[in-house]
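In what follows, a single structure is set out as structure tokens and then discussed.
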Ligand SMILES: [Zn+2]
């Protein structure tokens, strides 16, 4: 039996009906609702409470002490259901009609709430899950959510929802028929991969794998390496590795690194004269938070000696709860192909709520190619994020997307208000850099043999006992007797 308490909270919200927010508490759940009737709020509380308990008892997942669910009916909004990755759901409906059974509303609420509990089971242990594909994260919530629906049905029976419906059909039955159809969506297909994994290790052995993955040192260019290693503690490590080999392409996101090396310079080696590069006109005309995506801008560093990125400026404001989330957001310096050169992290607290402001993010001076992209990703949810400003008319330099991952398109509404500060190296530092570059050049040259018929491009790596060792561009090292080389090359070797 579950104990049910209903408390009226004297908070007035500014909705058209000016309705008071009400509250229901059940084991492990706290539902606050506005604009819907009590029976629906109670059913929501029952579903979340039962699904949470099942996630703990049947799977040993780490669940929050209390899951806070906020339900709002607002005719001006769309139907949506989010989680914050920790302990909060937020459900928005236009009117209570959207809470009716799926046949009339088109919305699968019992399944949806179980799906969100599924997300928590994964996101709590794996806080940084940027290496999971969208399909993988949703597929997991779909898989566990479907199983939780079965469990909830077993516990609470067919009368759970105010207008009763056969929600058992929204559980594993539906997942199975999606998998059997042969034309599963990427999300259902990923759910099928997770199903294989769970059947391999058993229900209670998934939580330890997720927590090992959450602790693994992930290299964004190849997350699979660390994830695979983390599977080795399992009793069925060999089968799991084989499963991972099959599933990796659909579940894991690889972020290829740029071939342009991340080179930094000490601040005192800079010239002291910086320039700010901007595409925006300084007037904000709109703002945007990009769920699952990033805000990116193309820049050019101008001619001459290389420039160094010393700061990124963003015009924006934070939304969500008053206290900034205790996490970092990311800024990437990318090459012109949107491949990551280097990633910087900054605390969320850099952005304040309220009026948008320019926020300066200082970076370690990092060399930029002549054309480059700066991208920022806030990993936003319903309860935290940053609105990035944009101006009235775009110059075509603004993009959406994250480095290396997913489809990226241009952003057409205006220019993101994202700027960079660039600085050249001081005269002395630049000279030193040029000399070093010259040395590299002289090591690699075109070698001729004594007949002049045979040439290769290679780098001199050694000369011993009359043999010259040359490293070809493909990395292969060959040895050639000195006297077989042209006179010019023999002289070059002997001068070294
Ligand atoms: Zn989801």
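The values are calculated or read from the model by the stated rules, or taken from the named source; none is laboratory data. Computed from a prediction, not measured in an experiment: that's the story for all the values here. Cβ placement follows ideal geometry from the backbone for every residue including glycine, while neighbour counts extend to all protein chains displayed.
Within the stretch 91-139, restricting attention to residues that are in a helix (DSSP H, G or I) and over 25 Å from residue 166 (Cβ atoms), the residue that is nearest to the ligand (Cβ to nearest atom) is 137.
Here 463, 492 are screened, and the one residue that is part of a strand (DSSP E or B) and out of contact with any strand residue (DSSP E or B) (no Cβ under 6 Å at 6 or more places or on another chain) is 463.
Listed by position, the strands (runs of 3 or more DSSP E) contained in the stretch 262-367 that have at least 3 residues being touching a residue at least 40 places away in the same chain (Cβ under 8 Å) and within 22 Å of the chain's Cα centre (by Cα) are 295-300, 307-320, 328-335, 340-347. Listed by first and then second residue, the pairs linking a residue in the stretch 136-154 that is more than 14 Å from residue 55 (Cα to Cα) and not assigned by TED's automatic domain parsing to the domain that holds residue 192 to a residue that is within 11 Å of the ligand (Cβ to nearest atom) and at pLDDT 95 or above, with Cβ atoms under 7 Å apart and 6 or more places separating them unless they lie on different chains, form an empty list.
Among the residues of the stretch 368-399 satisfying the criterion of being within 23 Å of the chain's Cα centre (by Cα) and not in a strand (DSSP E or B), which is farthest from residue 131 (Cα to Cα)? Selected residue: 397. Does the stretch 56-79 contain any residue that is in a helix (DSSP H, G or I), under 30 Å from residue 129 (Cβ atoms) and at pLDDT 90 or above? Yes.
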